[in-house]
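S.K.: Have a look at this one before I ask anything.
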Amino acid sequence: MTIERTFSIIKPDAVAKNVIGQIYNRFETAGLKIVASKMLHLSQEQAEGFYAEHKERPFYAPLVEFMTSGPIMVQVLEGENAIARNREIMGATNPEEALAGTIRADLAGSMRENCAHGSDSIASASREIAYFFSDDEICPRTR
Ligand code: RTP
Ligand code: MG
């Protein structure tokens, strides 16, 4: 059993749709525990830095514009295979390709405005968690 931590964002479209609780419910139902959480409104610099790996992609500028368009929730999720599990319940990037019952199939409106972000590897999870949270903001769950 591998207990992992992953980094998650509820994106501005989902916050605007008022489905934060609904998404948190899906994390909990999937056995993922929230060990850190906060709402924030990304600056241009924060969004550009977070998505730096996509800098050369045509969707980078509109992605940064979208991600700075309103408040987001950022959280650290902990659980067995949390990285893969979270991506599984999010569904494919394009909501039209996402399996029914996933966050993106059920709640997202487009390939860009797709409700949620989840780290895609152990390396990106640790980088992304550290980008938004200091160690003392993460509360290990012992029961
Ligand atoms: P994420 O990083 O947000 O968890 O999503 P992902 O791994 O499924 O997708 P990724 O390829 O990392 O892309 C990051 C985010 O950029 C937006 N995007 N737009 N062709 C497009 O218009 C396009 N492709 C990607 C999405 O918001 C995607 O989640
Ligand atoms: Mg990604």
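The values are calculated or read from the model by the stated rules, or taken from the named source; none is laboratory data. What you see is a predicted model, and the numbers here were worked out from it, not measured in a lab. With ideal geometry, Cβ positions are generated from the backbone for all residues, glycine too; neighbour counts draw on all protein chains shown. Heavy atoms of the whole protein, side chains included, go into the accessibility calculation; ligands, DNA and RNA do not. Shrake-Rupley method; radii C 1.70, N 1.55, O 1.52, S 1.80 Å.
S.K.: Pick out the one residue from Phe132, Phe59, Phe66 that is farther than 14 Å from Ile10 by Cβ and in contact (Cβ under 8 Å) with a residue 40 or more places away in the chain.
M.R.: Numbers: Phe132 fails: farther than 14 Å from Ile10 by Cβ; Phe66 fails: farther than 14 Å from Ile10 by Cβ.
Answer to the selection: Phe59.
S.K.: Determine whether Ser43 is among the polar types (S, T, N, Q) and open to solvent by less than 30 Å² (accessible area, probe 1.4 Å). If you could, list the steps in order and put the result at the bottom.
M.R.: On the way: among the polar types (S, T, N, Q): yes; open to solvent by less than 30 Å² (accessible area, probe 1.4 Å): no.
Considered against the rule, which asks whether it is among the polar types (S, T, N, Q) and open to solvent by less than 30 Å² (accessible area, probe 1.4 Å), Ser43 comes out as no.
S.K.: Something else about it: Filtering the stretch 110-129 down to residues that are open to solvent by 70 Å² or more (accessible area, probe 1.4 Å) and within 12 Å of ligand 1 (Cβ to nearest atom), which residue is nearest to the chain's Cα centre (by Cα)?
M.R.: Checked the stretch 110-129; the qualifying residue nearest to the chain's Cα centre (by Cα) is Asp120.
Rundown of residues vs (1) open to solvent by less than 70 Å² (accessible area, probe 1.4 Å); (2) more than 12 Å from the chain's Cα centre (by Cα); (3) within 28 Å of Thr2 (Cβ to Cβ), yes/no style:
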| residue | (1), (2), (3) |
| --- | --- |
| Tyr51 | yes, yes, yes |
| Val74 | yes, no, yes |
| Pro95 | yes, yes, no |
| Tyr131 | no, yes, yes |
| Asp136 | no, yes, yes |
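S.K.: If you don't mind, another one. Which one is farthest from ligand 2 (Cβ to nearest atom), of the residues in the stretch 84-123 that are of a type in the set (Gly, Ala, Ser) and touching a residue at least 24 places away in the same chain (Cβ under 8 Å)? Walk me through it before giving the result.
M.R.: Start the filter on the stretch 84-123 by keeping residues that are of a type in the set (Gly, Ala, Ser), which leaves 84, 91-92, 98, 100-101, 105, 108-110, 116, 118-119, 121, 123.
From what is left, the residues that are touching a residue at least 24 places away in the same chain (Cβ under 8 Å) are 108-109, 116, 118-119, 121.
On the way: Ala108: 14, Gly109: 18, Ala116: 11, Gly118: 8, Ser119: 8, Ser121: 10 Å.
Ranking the candidates gives Gly109 first.
S.K.: Consider only pairs whose beta carbons are under 9 Å apart and that are at least six residues apart or on different chains; among these, list those whose first residue lies in the stretch 1-28 and is over 17 Å from Gly91 (Cβ atoms) and outside any strand (DSSP E or B) and whose second residue is open to solvent by 40 Å² or more (accessible area, probe 1.4 Å) and among the small types (Gly, Ala, Ser).
M.R.: As it stands, the answer is Pro12/Ser69; Ala16/Ser69, since those pairs meet every condition given.
S.K.: From the set of residues in the stretch 124-133 that are away from ligand 2 (no atom under 12 Å from the Cβ) and touching a helix residue (DSSP H, G or I) at 6+ places or on another chain (Cβ under 9 Å), which is farthest from Met73 (Cα to Cα)?
M.R.: The extreme case among them is Tyr131.
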